[in-house]
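The values are calculated or read from the model by the stated rules, or taken from the named source; none is laboratory data. A quick note: this is a predicted structure, and the numbers were derived from the prediction, not measured. When we count neighbours, we look across all protein chains shown, and the Cβ atoms used for this are built from the backbone with ideal geometry, even at glycine.
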């Protein structure tokens, strides 16, 4: 379990770094929601095509597959929003 959570957090950090690498430092100076939200939604690829196929195609063999799909979509959207909020707060703190 420790390895799984550690990997999950490291992958999330990697996506945050990737966002800054793609958008550049200008995005950190003036963060906008859309790029961060797109990165959050792109991360849904891993659960939909790697994790959930272990439960059948997109978790179709589970009792409520649509609930699991929706939860994945929501939590990964929250990750994207968190990327934006983090950049905004860091930008605000650095400008004080």
Condition broken by residue 83, with the remaining ones in (1) modelled with pLDDT under 95; (2) under 21 Å from residue 7 (Cα atoms) satisfied: (1)
Evaluation of residue 27 against (1) within 11 Å of the chain's Cα centre (by Cα); (2) at pLDDT 95 or above (one fails), failing number: (1)
Which listed residue, of 62, 68, is crowded, with 17+ Cβ neighbours inside 10 Å and free of Cβ contacts under 8 Å to residues at least 24 places away in the same chain: 68
